[in-house]
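Novice: One structure, as structure tokens, below. Some questions next.
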Amino acid sequence: MINWEALGGISFKKGCYTGQEVVARAHFRGQVKKRLWRGSVNSTETLSSGTGVKDDNDRSVGEIVTSCVNENGASEFLAVINTKAINNQLPLSINGHSVELASLPYEVERLDPEQLALTISGQ
């Protein structure tokens, strides 16, 4: 859910690693159903970890991981949100405030850490 495979933080080739069973299940049985997203709400309220992200039917589709108030007075956050809600482009809200999603500073694609290490070292 926190996009480790997009950052080259998980190797599917090596032996044991933290969360191996969960990652293997997601890798071999289907796609990850929740992902880490970045966004903001036009509110000076600091959002607590665990605060719910809701769709237009007031159903919970995610939750805040961390947040801060930026220099413009808006609350920025990282939240784990259901990919179905994102893919269907549902309007999202937090505590009654409309959510505006922003792009992440990286692409969400599976990177091979061993290959990434070779690329960085110039081999």
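No lab work stands behind these numbers, since they all come straight from the coordinates. Computed from a predicted model, the values in this text were never measured in an experiment. Positions of Cβ are generated from backbone atoms using ideal geometry, with glycine treated the same way; all protein chains shown enter the neighbour counts.
Novice: Loop only per DSSP, at most 12 neighbouring Cβ atoms within 10 Å: give me the GluC sites (Glu not before Pro) in region 30-93, ordered by residue number. Don't skip to the answer; put the middle values down first.
Specialist: Details: sites: E45, E63, E71, E76; in loops: E45, E71.
Passing sites in region 30-93 are E71.
Novice: Also, quick follow-up: Under a 5 Å amide H to amide H cut-off, with H placed in plane at 1.01 Å, what residues pair with N3 once short-range neighbours are removed?
Specialist: L36
Novice: Given 0.36 nm per residue, what is the gain on full extension from I2 to N72 after removing their alpha carbon distance, in nm? It would help to have the intermediate numbers written out before the result.
Specialist: Values: separation 70, 0.36 × 70 = 25.20 nm, distance 2.65 nm.
Roughly 22.5 nm would be gained on extension.
Novice: Follow-up question, since we're still on this one. Using a Förster distance of 25 Å, how high is the FRET efficiency between E107 and S49, based on the Cβ-Cβ distance and rounded to 0.05? Before the final figure, lay out the partial values.
Specialist: On the way: r = 26 Å, r/R0 = 1.04.
That gives a FRET efficiency of 0.45.
Novice: A further question on this structure: Full extension from S93 to N42: what is 0.36 nm times the residue separation minus their Cα-Cα distance, to one decimal in nm? Can you show the working numbers first?
Specialist: Values: separation 51, 0.36 × 51 = 18.36 nm, distance 1.07 nm.
Difference between extended and current length: 17.3 nm.
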